[in-house]
Amino acid sequence: MSRRGRKADWDRLDESDVRVRPGKSTRPRSKLRPEHADARAAMVVGVDRGRWTCALDGKPDHEVIAMRARELGRTPIVVGDLVDLVGDTSGRPDTLARVVRVADRSSVLRRTADDNDPYERVVVANAQQLLIVCSLADPPPRTGFIDRCLVAAFAGGLKPVLCLTKSDLASPEEIIAAYAELAVPVLVTRSDEDPDEVRERLAGQVSALVGHSGVGKSTLVNKIVPDAMRATGVVSAVGKGRHTSTTAVAIPLPGGGWVVDTPGIRSFGLAHVEPDDIVAAFDEFVEPAEECPSGCGHLGPPEDPDCMLDVVTAEGLASPGRLASLRRLLASRARLDEYGD
């Protein structure tokens with residue numbers, strides 16, 4: 001065909017004859033996502049390097065290794081999260097499922113690296129209670145650490161429980177008295193007795209455990225769950241056999257319930273906590289706090305001279321000891337406490 005003939009053909013074309021495929025960067029993405037109607041529910045019991053160990057239907061005898069589905073992006077998934085899985089959920093060796101949904105959390109145990117760190121880390125999700133383990137001697141009790149754990153529990157929606165170990169070495173009365181106004185349940189154990197009271201408190205619940213090194217937390221867990229070390233090793237083996245001692249691990253309890261061991265937590269940064277988050281755990285002070293000046297830290301004079309919480313005790317609606325305990329927690333959050341970690 002001559003050049004003139006080809007030009008004539010082009011002259012007869014219009015826009016309907018031309019198909020232009022948009023570039024990759026401009027092509028609109030579909031907002032439709034798979035419904036995954038066949039997904040199965042599970043609870044995350046271990047995390048290691050982009051792999052999650054999940055108890056299918058919350059049953060500890062059926063564990064599945066899963067990866068995060070692409071559609072979730074960077075959605076954080078932590079121990080205690082309730083998720084939906086698709087893919088191979090048989091749990092056989094070398095199989096891998098996908099996490100396609102993460103349920104809303106009923107509670108979160110959060111911390112920051114320090115009080116100036118704006119990035120908060122969720123350590124455990126959906127735990128009903130936080131067991132704060134503190135020894136009465138060797139090492140001595142650290143009330144500053146206890147106070148900050150209480151703040152984290154109140155702010156995250158967990159019920160705090162104080163567990164005092166090694167009562168065969170020192171009396172628990174002073175510590176019990178220090179926290180009496182907070183109405184926090186206190187459990188006392190000793191090394192030469194079985195922790196029946198602790199076992200009863202944990203039964204049927206999802207409980208997170210925190211405590212400094214040497215306070216007897218591991219000993220306590222091993223007494224309550226005789227094969228705890230084996231269970232922890234299995235979950236930690238997700239990362240090709242490496243024992244992950246710095247991440248939370250959920251261990252099933254005999255008779256039902258889970259205990260989430262958090263060996264990596266030695267202190268709590270509370271940059272994510274606001275004063276009103278703590279006050280919210282004290283019903284009698286919630287409404288008066290709303291009448292406080294903007295930015296009130298509720299610490300009272302001289303820091304907050306117009307704080308309305310003092311009116312509550314002046315009118316006899318709450319005991320001075322109750323307010324003093326609340327303000328001790330607020331001072332701990334603000335790093336004004338005299339106790340230290």
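The values are calculated or read from the model by the stated rules, or taken from the named source; none is laboratory data. Being a predicted model, the structure only gives us computed values, none of them experimental. A quick note on method: Cβ atoms are made from the backbone with ideal geometry, for glycine too, and the neighbour counts reach across all protein chains shown. Protein only, heavy atoms only, side chains kept; ligands, DNA and RNA dropped before computing areas. Shrake-Rupley method; radii C 1.70, N 1.55, O 1.52, S 1.80 Å.
A few comments on the model shown:
- Selection within the range 147-161 - touching a helix residue (DSSP H, G or I) at 6+ places or on another chain (Cβ under 8 Å), part of a helix (DSSP H, G or I) and open to solvent by less than 40 Å² (accessible area, probe 1.4 Å): D147, R148, L150, V151, A155
- Of all residues making up the range 237-253, the number that are of a type outside the set (V, I, T) and either modelled with pLDDT under 75 or over 20 Å from A125 (Cα atoms) (or both): 7
- From V206, V210, V234, residue being out of contact with any Gly (no Cβ under 7 Å at 6 or more places or on another chain) and at pLDDT 85 or above: V210
- Total residues in the range 98-131, condition touching a Pro at 6+ places or on another chain (Cβ under 8 Å) and modelled with pLDDT under 95: 2
- Members of the range 31-76 that are under 21 Å from the mean Cα position of the chain (by Cα), open to solvent by 20 Å² or more (accessible area, probe 1.4 Å) and small (G, A, S): A41, G50, G58, G73
- Residues that are at pLDDT 90 or above and surrounded by fewer than 20 Cβ atoms within 10 Å (Cβ to Cβ) were ranked within the range 254-274; the one that is nearest to V79 (Cα to Cα) is G257.
- Residues that are open to solvent by 50 Å² or more (accessible area, probe 1.4 Å), under 14 Å from the mean Cα position of the chain (by Cα) and either within 22 Å of I224 (Cα to Cα) or modelled with pLDDT of 90 or more (or both) are absent from the range 162-170.
- Selection over the range 177-207 of residues that are in contact (Cβ under 8 Å) with a residue 60 or more places away in the chain, over 28 Å from G321 (Cα atoms) and not in a loop (DSSP other than H, G, I, E, B) gives a count of 3.
- The range 287-304 - residue that is surrounded by 11 or more Cβ atoms within 10 Å (Cβ to Cβ), assigned to a loop (DSSP other than H, G, I, E, B) and on the phi < 0 side of the Ramachandran plot and, of those, nearest to the chain's Cα centre (by Cα): G297
- In this structure, A103 does not satisfy being under 30 Å from R51 (Cα atoms), of a type in the set (G, A, S), in contact with a strand residue (DSSP E or B) (Cβ under 6 Å, 6 or more places away or on another chain) and open to solvent by less than 30 Å² (accessible area, probe 1.4 Å).
- Tabulated pairs, the range 48-77, first closer than 15 Å to D94 by Cα, second open to solvent by 60 Å² or more (accessible area, probe 1.4 Å) and of a type outside the set (D, E, K, R), C-beta under 6 angstrom, 6+ apart or interchain: I65/L96; M67/L96
- Boolean, D192 is of a type outside the set (F, W, Y), more than 20 Å from the chain's Cα centre (by Cα) and within 20 Å of L253 (Cβ to Cβ): no
- All conditions in (1) more than 20 Å from A331 (Cα to Cα); (2) modelled with pLDDT under 95; (3) open to solvent by 30 Å² or more (accessible area, probe 1.4 Å) hold for E173, with the sole exception of (2).
- A177, sole failed condition from (1) under 20 Å from F282 (Cβ atoms); (2) under 25 Å from the mean Cα position of the chain (by Cα); (3) of a type in the set (A, V, I, L, M): (2)
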